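Peer 1: Got a structure for you, written out below as structure tokens; questions coming shortly.
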Amino acid sequence: MGAPRLEIDLDKIYHNARTLVERLVVRGISVTGVTKASLGCPAIATAMLRAGVLGLGDSRIENIEVMRDAQVAAPMTLIRSPMLSQVERVVKQADISFNTELDVISQLSSAAQKVKRIHGVVLMVELGDLREGIMPGCLESVVRETIRLPNIVLKGIGTNLACRCGVSPDANNMAELSALANSIDATFGPILSIVSGGNSANLEWVLSGAETGRINNLRLGESILLGCEPMHRQAIDGLYTDAITLIAEVIESKLKPSQPWGEVGQSAFGVMPSVTNRGNIFQAILAIGHQDIDPNGLQSPTGIEILGASSDHLIVESGRCLPVGTEISFQLNYSALMRAMTSPFVTKVKKSRGHHMHVSDSYDKP
């Protein structure tokens with residue numbers, strides 16, 4: 001079938017999405033399926049939609065365009081603040097965009113007027129993780145200016161946590177978001193239909209039975225694709241953690257010393273090797289490297305230990321001599337998954353009900 005490749009089990013992705021949708025709907029929370037890690041793969045998007053997600057979210061307008069071109073029928077949200085250079089594309093392809101800058105919202109308004117479209121806006125609020133967001137004290141003034149703009153509809157507010165600094169969603173910051181929503185509605189009338197509490201990192205909080213307040217939407221990607229929560233990378237009960245598997249092929253297998261010799265400096269990626277001399281070991285090289293994956297984000301099978309990687313080589317200790325051509329399967333974390341999905345050198349293969357089908361060229365190419 002060819003390697004390296006990602007084997008994508010659409011049935012398991014559907015199961016994960018469906019399970020999360022069902023668990024959250026009883027808390028009054030809908031799910032936006034996040035497709036950015038899959039580069040807007042139409043098949044994955046369709047599996048999420050069949051499972052009951054309310055709409056799709058992606059941080060790249062290019063991925064949304066891929067899904068639109070594939071006739072994926074769903075509300076689509078750009079979940080990163082639009083670039084000024086892309087506002088025309090955003091109002092044409094996305095129903096809603098997340099925003100923090102009035103200059104950008106103003107340009108979205110102008111672009112929307114030109115094509116006679118209405119564009120929805122969710123204002124993102126900074127609640128401690130120090131990535132994107134309007135400071136809470138400034139939110140009211142931004143709302144006031146936003147609702148004055150023609151062809152713009154303020155759909156809601158949201159926040160993002162746990163991505164840059166690892167700040168956990170908890171009762172305090174979620175209550176603050178709810179309070180801000182209540183304050184905006186009290187000042188301007190009931191105008192907020194969306195209060196987006198965050199991403200997969202919010203699952204531990206919401207599934208603990210916490211008071212959810214005004215939070216009525218979560219943006220889920222990692223938990224659907226990998227079956228785990230991002231704060232501690234723990235598997236979520238009832239979900240598949242092997243919906244996506246990386247397959248790599250052995251191109252060299254030899255008995256070699258465990259310790260390098262000669263004068264040692266930095267490796268190709270700026271690392272000073274730290275190696276314990278364990279005598280000779282069975283070492284295998286696989287045809288994949290930093291350009292395709294994050295080696296630190298791979299979980300190898302029993303009996304295989306990852307020793308290191310360069311741009312195009314993954315070096316493992318195999319415990320025995322593996323025949324050249326042997327394929328080895330790895331599980332991936334979010335970092336490794338995103339890089340593998342982006343690499344044009346990694347084939348993506350979809351599986352559903354026992355059938356295999358290669359992903360289209362438009363998805364294979366970044």
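The values are calculated or read from the model by the stated rules, or taken from the named source; none is laboratory data. All figures in this text were calculated on a predicted structure; none of them were measured in a lab. Please note: Cβ atoms are built from the backbone with ideal geometry, for glycine as well, and neighbour counts cover all protein chains shown.
Peer 1: When the range 129-156 is examined, which residues are found to be surrounded by fewer than 15 Cβ atoms within 10 Å (Cβ to Cβ) and over 18 Å from residue 183 (Cβ atoms)?
Peer 2: 130, 148, 150
Peer 1: If you don't mind, there's one more thing I want to ask. How many residues does the range 17-37 hold that are in contact (Cβ under 8 Å) with a residue 60 or more places away in the chain and farther than 15 Å from residue 219 by Cβ? Reasoning before the result, please.
Peer 2: First pass over the range 17-37, keeping only residues in contact (Cβ under 8 Å) with a residue 60 or more places away in the chain: 17, 19-20, 23-24, 27-37.
In the following step, the residues that additionally are farther than 15 Å from residue 219 by Cβ were identified as 19, 23, 27-28.
Total meeting the criteria: 4.
Peer 1: Shifting gears a bit: Is there any pair linking a residue in the range 274-290 that is more than 27 Å from residue 5 (Cβ to Cβ) to one that is surrounded by 16 or more Cβ atoms within 10 Å (Cβ to Cβ) and modelled with pLDDT of 95 or more, with Cβ under 8 Å and at least six apart or on different chains, and which?
Peer 2: These pairs meet every condition: 281/317.
Peer 1: Looking at (1) within 26 Å of the chain's Cα centre (by Cα); (2) free of Cβ contacts under 8 Å to residues at least 12 places away in the same chain; (3) over 18 Å from residue 218 (Cβ atoms), find the lone condition where residue 185 falls short.
Peer 2: It fails just one condition, (1).
Peer 1: What number of residues in the range 167-177 are in contact (Cβ under 8 Å) with a residue 40 or more places away in the chain and either small (Gly, Ala, Ser) or part of a helix (DSSP H, G or I) (or both)?
Peer 2: 6
Peer 1: Right, next: Give just the number: which of (1) touching a Ser or Thr at 6+ places or on another chain (Cβ under 7 Å); (2) part of a strand (DSSP E or B); (3) among the hydrophobic types (A, V, I, L, M, F, W, C) does residue 324 not satisfy?
Peer 2: It is condition (2) that residue 324 fails.
Conditions tested, residue by residue: (1) surrounded by fewer than 15 Cβ atoms within 10 Å (Cβ to Cβ); (2) in contact with a Leu (Cβ under 9 Å, 6 or more places away or on another chain); (3) at positive phi; (4) not in a strand (DSSP E or B).
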| site | (1), (2), (3), (4) |
| --- | --- |
| 179 | yes, no, no, yes |
| 183 | yes, yes, no, yes |
| 186 | yes, no, no, yes |
| 204 | no, no, no, yes |
| 210 | no, no, no, yes |
| 218 | no, yes, no, no |
| 245 | no, yes, no, no |
| 248 | no, yes, no, no |
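Peer 1: May I ask you to verify whether residue 105 is closer than 19 Å to residue 194 by Cα, in contact (Cβ under 8 Å) with a residue 40 or more places away in the chain, of a type in the set (A, V, I, L, M) and surrounded by fewer than 16 Cβ atoms within 10 Å (Cβ to Cβ)?
Peer 2: no
Peer 1: Scan the range 160-208 for residues that are within 13 Å of residue 231 (Cα to Cα) and of a type in the set (Ser, Thr, Tyr) and jot them down.
Peer 2: 168, 200
Peer 1: Taking the range 318-345, which residues are of a type in the set (Ser, Thr, Tyr) and under 17 Å from residue 224 (Cβ atoms)? Outline the logic, then answer.
Peer 2: Residues of the range 318-345 that are of a type in the set (Ser, Thr, Tyr), as a first pass: 318, 326, 329, 334-335, 342-343.
Hits for the range 318-345 are 334, 335.
Every residue, every condition in (1) in contact with a His (Cβ under 6 Å, 6 or more places away or on another chain); (2) touching a residue at least 40 places away in the same chain (Cβ under 8 Å); (3) over 18 Å from residue 202 (Cβ atoms), yes or no:
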position: 122; (1), (2), (3): no, yes, no
position: 126; (1), (2), (3): no, no, no
position: 135; (1), (2), (3): no, no, yes
position: 139; (1), (2), (3): no, yes, yes
position: 143; (1), (2), (3): no, yes, yes
position: 149; (1), (2), (3): no, yes, yes
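Peer 1: From the list 143, 206, exactly one residue is over 30 Å from residue 117 (Cβ atoms) and in the same structural domain as residue 59 (by TED's automatic domain parsing). Which is it?
Peer 2: Details: 143 fails: over 30 Å from residue 117 (Cβ atoms).
Step by step, each of 143, 206 is checked, and only 206 is over 30 Å from residue 117 (Cβ atoms) and in the same structural domain as residue 59 (by TED's automatic domain parsing).
Peer 1: Among (1) within 20 Å of residue 78 (Cβ to Cβ); (2) without any contact (Cβ under 8 Å) to a residue 12 or more places away in the chain, where does residue 160 come up short?
Peer 2: (2)
Peer 1: If we scan the range 18-34, do we find a residue that is in the same structural domain as residue 199 (by TED's automatic domain parsing) and either aromatic (Phe, Trp, Tyr) or in contact with an Asp or Glu (Cβ under 8 Å, 6 or more places away or on another chain) (or both)?
Peer 2: Of the range 18-34, the ones in the same structural domain as residue 199 (by TED's automatic domain parsing) are 18-34.
Next cut, either aromatic (Phe, Trp, Tyr) or in contact with an Asp or Glu (Cβ under 8 Å, 6 or more places away or on another chain) (or both) only: 34.
Yes.
Peer 1: Separate question: Mind counting the residues in the range 255-303 that are part of a loop (DSSP other than H, G, I, E, B) and under 30 Å from residue 242 (Cβ atoms)?
Peer 2: 14
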